[in-house]
Each structure stands twice: as structure tokens, then as C-alpha cells.
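The values are calculated or read from the model by the stated rules, or taken from the named source; none is laboratory data. This is a predicted model, so every value here is computed, not measured. Every residue, glycine as well, gets a Cβ built from its backbone with ideal geometry; the counts of neighbours run over all protein chains shown. These area figures cover heavy atoms from the full protein model, side chains too; ligands, DNA and RNA do not enter into them. Shrake-Rupley method; radii C 1.70, N 1.55, O 1.52, S 1.80 Å.
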Amino acid sequence: MAEMWINMGPQHPMTHGLWNLRVKVDGEVIVDAMPEIGYLHRGMEKIFENKNYTQIGPITDRLCYGSSITWNHLYCMTVENLIGVEVPERAKYIRVMAIEIQRIASHMMWLAAYAADIGLLAGFVLAMRDREIMVDLLQMLSGSRLTYNYSRIGGVAADLPPEFERDCLRAIDFFEKRIEEHETLYRDSKIFLMRSEGLGILSREDAINLGVTGPTLRASNVKYDVRKHNSYEVYDEMDFEVQCHSDCDVYGRYVVRMNEMRESCNIVRQALKKMPKGPVRVKTPMYAPEGDAIGRVEDPRGEGIMYVIGDGTDKPYRLKVRSPLFVTLSAAKKMLVGYKVADVVSIMGSIDVCMGETDK
Amino acid sequence: MDLWSVSYDLTNLLVDIVNFFIYGLGWLIPGSIGEAFDSLGDWLASPGVMRIFTILMEIILLIVVALLNVVTLIWIERKLLARFWDFRGPFYVGPLGYFQNFADGLKFFLKQIITPIKADKFSYFIAPVIFIGSSILILGTIPIGPEFGITDEGTPVPGSVILAFAIFAVAPFSILVAGWAENNKFTLIGGMRSAAQMMSYEIPLLLSVASVIVLAGSFSFVDVVEAQADMWYAVPLFIGFLVFLVCIVAEVERIPFDLPEAEAELVEGWTTEYSGMRFGFFMMTEYVRGYAGCAIAAALFLGGWNGPAIIPDEFWFLIKAYMVFVIFVWIRASLPRIRTDQILDLGWKRLLPLAMLNLVIAVVLKTLGVF
């Protein structure tokens with residue numbers, strides 16, 4: 001067969017959202033790749049400029065349906081930096097706990113999607129089942145199941161519901177056993193190893209030069225985690241390891257994410273244990289001062305940055321969102337060239353694509 | 001009471017009814033036209049014509065029974081997969097959701113049939129006919145019981161094993177044609193993959209079947225099953241049985257070997273551009289092939305309908321075929337999909353030597369006079 005371009009997307013089971021991956025194949029071997037995005041562009045940043053600070057909160061949830069608490073929190077944190085308000089101690093712990101629960105749910109959703117990509121439908125169904133545990137916890141916290149809108153400027157929406165601590169600890173204990181169950185499905189499967197080991201190699205240098213962040217970067221053996229290196233909220237009081245893997249391949253990304261879920265369980269436990277009593281929210285002014293502020297968090301998919309410029313009104317002059325996957329997708333060509341068409345799903349699935357935040 | 005006599009009686013009845021009208025016309029219409037009707041009736045009732053009609057009747061009965069089994073298999077798969085994956089499966093339609101498949105089939109009838117403008121029309125229409133027709137024809141070659149198979153006045157079809165595998169091998173050709181005719185890159189890749197996969201898996205499959213033929217000394221399913229009255233061939237030819245199972249999974253294109261229609265990378269593979277009831281028939285045909293594979297495995301390696309006489313022979317056969325299918329479902333529930341070059345590696349470098357070894361074992365056993 002001669003070389004030809006194949007459009008994988010915008011409507012293709014591989015894409016997890018609405019984007020187009022053009023790959024040039026020679027028979028079954030990929031010789032070139034070109035991601036095309038923009039199909040899900042909703043003009044988020046322009047919308048932000050026309051809403052006041054309170055109204056923006058729920059919209060930031062929609063940046064990524066997989067980890068809405070993280071983005072919501074990032075927005076609140078950035079605006080708090082701009083206004084210069086100090087969040088109560090208890091709210092910080094609650095935020096850290098909620099973010100880590102959300103991280104587990106997000107990684108679980110990645111596991112489900114990735115399993116479906118490589119044809120392991122059991123993995124899809126079981127991972128979705130166990131994601132439910134975390135979603136239930138977040139539902140107890142916030143009342144909704146996908147877009148939580150839990151963080152507020154100056155704290156969180158509500159204190160922990162009664163008996164949440166007990167339920168959360170139980171769920172976390174139960175979930176840690178379930179992770180082992182999932183590991184047996186993947187780690188012990190010869191075919192899974194054949195489909196993941198040595199694929200989509202992104203070397204340490206390439207990963208750093210392309211600006212890749214998150215689990216993809218850590219799987220390329222770079223020990224970088226915003227939670228550790230530019231600690232926000234109360235992460236500096238938490239005891240956790242930054243998970244790395246030296247394989248630089250799809251299997252490494254899998255291992256990093258599985259271990260991160262275990263670490264997140266630990267962080268949730270610590271946060272619940274160290275949580276002080278007190279208020280969860282302080283009053284903040286509606287009008288932000290002139291000036292700018294920046295916020296950085298470790299999203300489940302990479303480093304999320306928001307940059308806000310206030311002009312003294314109740315609306316931001318500009319709110320810039322730095323999406324981790326927008327950058328990670330640009331590494332697609334580096335990861336894909338030289339592998340087979342059948343590996344496209346395995347490789348692109350391993351970076352956990354979420355179009356909501358990429359197209360904004 | 002075997003299938004032949006039942007079919008003969010049924011055909012007799014049908015011919016009698018038809019001849020009642022034909023002779024009636026011959027009595028009503030005078031002259032040479034009436035005589036022509038009389039001779040037509042005589043021709044219909046003559047032994048040669050009756051024999052052909054009886055064989056056709058046998059095929060219809062056997063395929064109807066086999067298709068009912070296929071529907072049961074789909075139901076078993078849905079129920080079992082649901083249990084493996086921690087949910088309940090269909091349960092609203094009919095007892096334990098048994099009629100869900102019929103409901104789904106009816107739904108396909110309501111769907112619009114879309115033909116791509118740039119498709120090669122003739123190949124596009126003929127390929128499903130070959131695929132579905134050849135797959136259903138396999139069912140006709142596999143006897144379900146000692147007396148429930150295609151026979152010619154009580155004589156089973158000689159060489160039915162060869163016939164079954166010959167028909168099995170027709171389908172990849174039609175898949176290749178379909179993939180090409182649809183004029184879509186994904187279907188083309190799917191068709192190519194199918195051809196490559198079939199080529200590399202036919203050989204170990206037929207070698208493992210050959211070892212059974214060597215031991216049984218016959219090409220007929222009935223003889224092969226009768227020869228296993230004392231011991232199943234799965235015991236001496238254990239390697240061959242494993243090779244056969246792996247190859248038949250690849251042959252019927254189920255996970256982990258469902259590359260030609262790998263939905264994650266190739267959308268729906270070679271069936272992408274087929275819609276409506278055509279697609280529904282494709283789905284059904286996959287299970288037809290699955291049933292055929294299970295039934296052949298049961299007949300060649302698991303002693304067919306041999307078993308204690310507490311239940312009829314046919315039930316023994318079906319139970320064994322269902323058990324093989326349960327293994328298929330189990331594999332599907334727990335394994336990811338394998339890659340094209342890996343599947344070819346596995347076929348040529350692992351299964352082929354194993355099948356050769358198995359054939360040597362069979363020849364040695366036969367030479368030593370063990371069987």
C-alpha cells in the first residue's frame with residue numbers, strides 16, 4: 001500500500017472528545033502525525049471577561065468534565081491571590097481532600113477509557129464501577145455528580161456533612177483493595193504488557209523541551225510535581241512521594257497513575273486527620289483591585305495555570321487558562337512516529353485526553 | 001427416528017398436498033395439457049426428486065435448530081459477560097431476557113440502509129451475501145447428534161470435516177472484497193488485516209484438525225465422533241486442542257483476535273459502511289461462526305455426542321459446544337485486544353510448531369496402535 005493520510009476523528013472512537021488526529025501511514029506503520037483541535041472551542045476565556053467573579057465559578061467546572069473540582073479550585077485560588085484574601089485553615093484542608101478525591105476519580109476514568117481503547121471491556125466496566133465510590137463522596141460534599149462547583153472565592157461552599165469522615169475513610173480503605181484488583185487485571189496480563197511496553201516513548205529531553213507536564217512527564221522520569229515544587233494550599237504539610245517511572249512509555253504512564261491513586265488515598269487520610277475546626281469560608285469583596293495574579297495547580301492531567309488581570313471592577317479584564325493537554329498533544333508526533341496504527345489508540349489513550357480544557 | 005425419515009415424511013406430506021392440486025388440475029383440464037399436469041405430478045413424486053427435496057428439507061431443519069442455538073449463544077454471552085462485569089444483563093424481554101436478541105433484531109429492521117455513493121456497487125452487495133451465506137452453510141455440515149445430521153438415505157456426508165473447513169475459509173475472501181468495495185480507508189485496512197490473520201491461522205488450525213483425522217481415520221464428523229467413544233481426543237492430543245481453541249477464536253474473530261473490526265482504532269473495521277439489517281446480519285453471522293467453531297471443537301476433541309445415556313445424545317453435544325463457548329466468553333471478558341504483527345508472530349512462531357508437534361504425536365500414537 002502507498003502512503004496515505006488517515007483522519008482519526010473528529011468522530012472516531014479513539015478520540016475521547018472532539019478532535020482530529022491525522023496520521024500518515026505506510027501500510028500499518030505511522031510516518032507522520034498531526035493533531036487538529038478546535039472542534040470543542042466554546043470561547044471560555046471571552047465568556048470569563050463578560051461575567052463577574054462569582055458567575056465565572058460554575059463555568060470553570062466545565063473546563064474539564066473529568067476533574068472539575070481542580071479547575072474550579074484553581075480559579076478560586078487565582079482570584080484569592082488577586083484580592084489578597086487568606087482562606088481559613090479548615091477550608092484549605094477540605095480543598096486538598098476534595099482535589100485528591102477528584103484526582104482518583106479522574107484517574108479511574110482514564111483507566112476506564114484506556115481499557116476500552118485497548119479492547120479490554122472488563123477494565124472499562126470495573127473502573128467505572130469503582131470511580132463511582134469517589135463520585136459518591138464528592139456528591140456527599142457538593143450535591144452534584146459531575147460539575148461540583150464546590151470551591152468558592154474565600155473558601156468552600158459548605159462544611160463537611162455529618163459522618164463524612166467515617167464514610168470517606170471507609171471508602172478509601174475499600175478503594176485501596178480495589179486498586180489491587182485492577183492491577184491484577186493489567187499487570188498480570190501478558191497481552192496488556194505487549195500492548196503497552198515500549199510504546200509511545202517520549203524521552204526525558206523531549207518531554208521537557210515540549211513542555212509536557214503531569215503523569216506523562218513523570219513517566220518520562222522527571223520528578224516534577226507542582227504540589228511538591230510550588231506547594232499550594234496545605235500540600236507542604238502532607239507527606240507524599242512524587243511518582244516517577246523510568247520507562248518513558250505507555251506502561252510507565254499506567255504505573256505512574258496507579259501509584260498516584262495510592263498516594264492520593266494517603267493524602268486524603270492525612271488531610272482528614274490533620275483537619276482543624278473552624279470556619280470554612282470568609283467574606284470577600286465583589287470588586288477585585290487592579291493588578292494581576294497567577295495560580296498554579298497539579299491537575300490530574302498536568303500543570304494547570306490561570307492568570308487573571310483585574311481592572312478594579314467586578315469582572316476580570318483577562319483570564320488566561322494554560323491547559324496541560326493543549327501542550328501534551330503537541331508531543332503527539334514525537335510519540336507516534338514509527339509505531340503501528342493499532343498503537344495510536346494505546347499511545348494517545350495513555351495521555352488522558354480531555355478536550356474540554358484543551359479547546360476551552 | 002432420524003432426521004432423514006422425519007424430513008422424508010415432511011417432504012412426502014408437502015408433495016402430497018401439492019400433487020392434490022396438480023392431479024386435480026389434470027382431472028379438470030381435458031386434453032394434452034391435463035396429461036402434462038398428470039406427468040408433472042408423477043415427476044414430483046418420483047424417488048430421485050423426492051430425494052433432493054428431502055435433503056433440502058434436512059438442511060432447513062438442521063439450520064433452523066442451529067440458528068436457535070446461535071440465539072441462545074448470544075443470550076448466554078450477554079448474561080455471562082454481564083456477570084463477569086458486575087451487572088445483570090438483559091432481563092426485561094421474555095424469561096431472563098431471552099427474547100432481547102429478537103427485539104434487537106427487529107430494531108435493525110427499522111434502520112435505514114445507507115449505501116455509500118462511491119462504493120463499488122456490485123462487490124458491495126455481493127460480499128455480505130457470500131459472507132452470510134457461507135457462514136450459515138457451515139451449520140449444515142455439522143451433525144448435532146448421531147441421527148441429527150445431513151444424511152443421504154441414512155448415509156452421512158463423507159468428508160464433512162473437510163467440507164466444513166473449506167466453507168469456513170470462504171469468508172475472509174468476502175471480507176476483503178467488502179472492505180475494498182466500501183471505498184473507505186478503515187474498511188480497507190480491516191479487510192487486509194482479516195486476510196493476513198486468516199492466512200496465518202488456517203495452517204495451524206488445519207494441522208491440528210489433521211491430527212484428529214489421523215487418529216480417527218475418517219473425514220466424516222460422524223466417524224470421528226464414533227471413534228471417540230472410549231476416550232476424547234482432547235486427552236491424547238491436548239496440545240492440538242489448545243492450538244485448535246486459539247486458532248478457532250482467531251478464525252471467528254473474537255477478542256483478543258478481533259482485529260478486522262477493532263472498534264477502537266478502525267471504528268467498526270470492515271463493517272463500517274454497512275448499516276441497517278445488513279449490519280444486524282453481520283452481527284448474527286459472527287455468532288453463527290462462533291457456534292460453528294464451538295460445535296466443531298466439541299465434535300473433534302470433546303467426544304461429540306458421546307456421554308452417559310441419562311439425556312439424549314443431542315443434548316450432550318450442545319452442552320459441550322456451550323461449554324466451549326463459555327471459555328470464549330471468559331476470554332473475551334478478561335483479555336485486551338492483540339496487535340496485528342503480534343498476532344502473526346503468535347501464529348507462525350508459536351502455534352505452527354506446536355501444531356506440527358501435535359501431528360507427530362498423533363502419527364506416533366497411530367503407528368504404535370494405541371488408537
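Does chain B come out rounded, prolate or oblate by the C-alpha gyration tensor, with a ≥ b ≥ c the root eigenvalues, rounded set by a/c under 1.5 and, if not, prolate when a/b is larger than b/c and oblate if not? Since a/c reaches 1.5 but b/c is at least a/b, the shape of chain B is classed as oblate. Segment B:133-194 and segment B:65-111 have their alpha-carbon centroids 24 Å apart. When the solvent-accessible area of segment A:49-352 is split by element, carbon and sulfur atoms take up 52 percent of it, the probe being 1.4 Å. Its residue count N fixes a reference of 2.2 N^0.38 Å for segment A:240-302, and the Cα radius of gyration divided by that reference is 1.70.
For A:182-189, what's the mean count of beta carbons from other chains sitting within 10 Å of each residue's beta carbon?
1
Along chain B, the exposed loop sites are trypsin sites (Lys or Arg not before Pro) outside DSSP states H, G, I, E and B with at most 15 other Cβ atoms within 10 Å, and the longest stretch free of them is B:119-371. Extending 7 Å from the Cα toward the beta-carbon at both B:Phe122 and A:Ser231 defines two label points whose distance is 7.7 nm.
The overall shape of segment A:47-178 is oblate: from the C-alpha gyration tensor, with semi-axes ordered a ≥ b ≥ c, the ratio a/c is 1.5 or greater and a/b is no larger than b/c. Shielding by partners for peptide B:24-30, expressed as the average number of C-beta atoms from other protein chains within 10 Å of each residue's C-beta, is 0. Just list whichever of A:Lys223/A:Lys273; A:Lys333/B:Lys185; A:Lys223/A:Lys277; A:Lys190/B:Lys320; A:Lys228/A:Lys334 have alpha carbons separated by over 31 Å in the model shown. Over 31 Å Cα-Cα: A:Lys223/A:Lys277.
With a Förster radius of 35 Å applied to the C-beta separation of B:Leu14 and B:Val170, the computed FRET efficiency comes to 0.70. How high is the relative contact order of segment A:100-217? Use alpha-carbon pairs under 8 Å, at least six apart in sequence, and give a whole percent. Across segment A:100-217, relative contact order equals 17 percent.
Taking Cα pairs under 8 Å and at least six residues apart, what relative contact order does segment A:1-41 come out at, in percent?
36 percent
Rolling a 1.4 Å probe across the protein heavy atoms gives segment A:69-225 an accessible surface of 33 Å² per residue.
Taking all Cα pairs closer than 8 Å and separated by 6 or more residues, the relative contact order of chain B comes to 20 percent. Is the C-alpha gyration tensor of segment B:284-370 telling us rounded, prolate or oblate? Criteria: a/c under 1.5 is rounded; beyond that, a/b larger than b/c is prolate, otherwise oblate. Here segment B:284-370 falls in the oblate category. By the compact-protein rule of thumb, 2.2 N^0.38 Å, the alpha-carbon radius of gyration of segment A:1-41 corresponds to a ratio of 1.21. Within 10 Å of the Cβ of each residue in A:113-120, the mean number of Cβ atoms contributed by other protein chains is 5. Using the Karplus relation 6.51 cos²θ - 1.76 cosθ + 1.60 with θ = phi - 60°, the per-residue 3J(HN,Hα) values for segment A:41-48 come to 5, 10, x, 3, 5, 6, 4, 4 Hz, with x marking Gly and Pro.
Taking θ as phi - 60° and the Karplus parameters 6.51, -1.76 and 1.60, the scalar couplings of segment B:169-182 work out to 7, 6, 4, x, 4, 5, 5, 4, 4, 4, x, 6, 5, 6 Hz in sequence order, x denoting glycine and proline. When B and A come together, around 2500 square angstrom of accessible surface is lost from both chains combined, probe 1.4 Å.
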